[in-house]
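The next block holds one structure in the form of structure tokens; read it before the comments.
The values are calculated or read from the model by the stated rules, or taken from the named source; none is laboratory data. Source: prediction; values computed, not measured. Neighbour counts run over all protein chains shown; Cβ positions are idealised from the backbone, glycine included.
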Amino acid sequence: MKYGIKSITMDDVSRELSISKKTLYQYVTDKDDLVGKFVDYEIEVRQEQICKCFGFGYNAIEELFEISDFMNKLMREQNPATEHDLKKYYPQHHQKTIKTRRDRMYTYILLNLKKGKEEGLYRQDLDVDVIAKLYLSRSENIHFNDLFTVEEFTSLKLFIELLTYHVRGIATEKGISVLENKLKELETGNKII
């Protein structure tokens, strides 16, 4: 995650782990196998962290803020070289990452939309499938274009604007009231994201 994938050798890995290369090869067959295990590990860690967001008893709008904040932090921490190396040199692992991220994000947004409708925070006439796909499309495309710098698309200002834009488009009056209270919390510093 720090240096990218291509620049790291198996010698570097074994040295960092304080084991011999021979010992390392008892656990992985080659660098491709190591990258695959790394990808699987990262997928599971992220899954566990996102699941925690659902366990706090938040309403749908608060939950959306928490999950979006988590995803924003991941984007800030990610070295663009890692994504580039994964895509160029390990395309099968890159595709697995993209598919898993897309499937899970779609599922989370769909669950959030349904929860928000049940709570009366989101409009009943929403087509949850369409909205979930629109949200996913926007989320994927925002950092794969040159309109925003990395600093801009990971900034708190853009984060709040995107969530406000999204929630105002789907919320009931009750939902907008919850949104405005959440924004006031952020503004006054009662809740740090």
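Summary table
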item: Positions within segment 137-170 being in contact (Cβ under 8 Å) with a residue 24 or more places away in the chain, more than 14 Å from ASN72 (Cα to Cα) and of a type in the set (A, V, I, L, M, F, W, C), in sequence order; result: VAL167, ILE170
item: Identity of the residue in segment 98-155, surrounded by 13 or more Cβ atoms within 10 Å (Cβ to Cβ) and among the acidic types (Asp, Glu), that ends up nearest to VAL167 (Cα to Cα); result: GLU119
item: Hits in segment 4-24 - residues which are of a type in the set (A, V, I, L, M, F, W, C), surrounded by 15 or more Cβ atoms within 10 Å (Cβ to Cβ) and either free of Cβ contacts under 8 Å to residues at least 24 places away in the same chain or in a helix (DSSP H, G or I) (or both); result: ILE8, VAL13, LEU24
item: Test result for ASP125, over 24 Å from GLY4 (Cβ atoms) and in a loop (DSSP other than H, G, I, E, B); result: yes
item: Qualifying residue in segment 161-170 (condition: assigned to a helix (DSSP H, G or I), farther than 29 Å from LEU34 by Cβ and within 15 Å of the chain's Cα centre (by Cα)); result: yes
item: Among residues of segment 103-113, those that are touching an Asp or Glu at 6+ places or on another chain (Cβ under 7 Å) and modelled with pLDDT under 90, counted; result: 0
item: Hits in segment 156-192 - residues which are farther than 19 Å from LYS115 by Cβ, among the hydrophobic types (A, V, I, L, M, F, W, C) and surrounded by 14 or more Cβ atoms within 10 Å (Cβ to Cβ); result: LEU158, PHE159, ILE160, LEU162, LEU183, LEU186
item: Residue tally, condition free of Cβ contacts under 8 Å to residues at least 60 places away in the same chain, surrounded by 17 or more Cβ atoms within 10 Å (Cβ to Cβ) and more than 14 Å from the chain's Cα centre (by Cα), over segment 37-69; result: 2
item: Qualifying residue in segment 84-92 (condition: aromatic (Phe, Trp, Tyr), surrounded by fewer than 17 Cβ atoms within 10 Å (Cβ to Cβ) and out of contact with any strand residue (DSSP E or B) (no Cβ under 9 Å at 6 or more places or on another chain)); result: yes
item: Selected residue [farther than 25 Å from SER7 by Cβ, in contact with a strand residue (DSSP E or B) (Cβ under 8 Å, 6 or more places away or on another chain) and modelled with pLDDT of 95 or more] from GLY116, GLY120; result: GLY116
item: Set ASP85, ASP33, ASP69: member being assigned to a helix (DSSP H, G or I) and at pLDDT 95 or above; result: ASP33
